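Have a look at the structure that comes next, please.
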Amino acid sequence: MTENTVRKYDYEDVQALPTRPVPVIPLHPTGWQRRTPWMKTTPTPERVVDLVFVGTTVLLWGLVFYALYHGVQKYQIF
């Protein structure tokens, strides 16, 4: 390196400023934030019916997968 490209600096001891975390503003609300206003509203008959259908569907899919899993485990190959 030549003397022209190398610079020598005298650094002084500088007190570091106290830092704090930068606040993060999410672009999209979390799932809990989306459901909170929905849960606070009074349940309408349509919403109750929707919840019953969703619960029944989840229960039936669970039973189907349970039966398939146990069927595969107990299947005998001759």
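The values are calculated or read from the model by the stated rules, or taken from the named source; none is laboratory data. Computed from a predicted structure; not experimentally measured. Every residue, glycine as well, gets a Cβ built from its backbone with ideal geometry; the counts of neighbours run over all protein chains shown.
Do you know which of the residues in the stretch 66-78 that are part of a helix (DSSP H, G or I) and loosely packed, with under 10 Cβ neighbours inside 10 Å is modelled with the lowest pLDDT? Please lay out each step first, then the result.
Applying the first criterion (part of a helix (DSSP H, G or I)) to the stretch 66-78 yields 66-74.
Now restrict to residues that are loosely packed, with under 10 Cβ neighbours inside 10 Å: 71-74.
Values: Gly71: 91, Val72: 90, Gln73: 89, Lys74: 86.
Once the filter is applied, the top-ranked residue is Lys74.
Based on this model, can you work out whether Met1 counts as at pLDDT below 85, in a loop (DSSP other than H, G, I, E, B) and either of a type in the set (A, V, I, L, M, F, W, C) or touching a Lys or Arg at 6+ places or on another chain (Cβ under 6 Å) (or both)? Give the derivation first.
On the way: at pLDDT below 85: yes; in a loop (DSSP other than H, G, I, E, B): yes; either of a type in the set (A, V, I, L, M, F, W, C) or touching a Lys or Arg at 6+ places or on another chain (Cβ under 6 Å) (or both): yes.
The answer is yes for Met1.
So, in the stretch 31-46, how many residues would count as being more than 25 Å from the chain's Cα centre (by Cα) and surrounded by 10 or more Cβ atoms within 10 Å (Cβ to Cβ)? Before the answer, list the steps.
We begin by selecting, within the stretch 31-46, every residue more than 25 Å from the chain's Cα centre (by Cα); these are 42-46.
Now drop any that are not surrounded by 10 or more Cβ atoms within 10 Å (Cβ to Cβ), which leaves 43.
Matching residues across the stretch 31-46 total 1.
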